[in-house]
Amino acid sequence: MPLYDQDLEDASGKPEKAKELKKLFLEHDALLIASPEYNSMISAALKNALDWVSRADSDDDGKVLADS
């Protein structure tokens, strides 16, 4: 997936891989992500994926994405 960019999303919508990943997330009741810390935070690649997946769509079913 490309790095998240609001201008890119506005111009061409979500990338296909982001749509596929979000579809996988929505098909399940829960998701547990276990990831090593990188400078006391999740990795940049995981953060980027979650940024794309967490974007609202008109077909969202009300599931919530949260982290701690």
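At-a-glance table
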item: Number of positions in the range 6-50 that are at negative phi and surrounded by 10 or more Cβ atoms within 10 Å (Cβ to Cβ); result: 27
item: Conditions (1) modelled with pLDDT of 90 or more; (2) of a type outside the set (D, E, K, R); (3) in a helix (DSSP H, G or I); number of the one not met by Phe25; result: (1)
item: Extreme residue, modelled with the lowest pLDDT, among residues of the range 1-22 that are within 13 Å of the chain's Cα centre (by Cα) and of a type in the set (A, V, I, L, M); result: Met1
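The values are calculated or read from the model by the stated rules, or taken from the named source; none is laboratory data. Being a predicted model, the structure only gives us computed values, none of them experimental. When we count neighbours, we look across all protein chains shown, and the Cβ atoms used for this are built from the backbone with ideal geometry, even at glycine.
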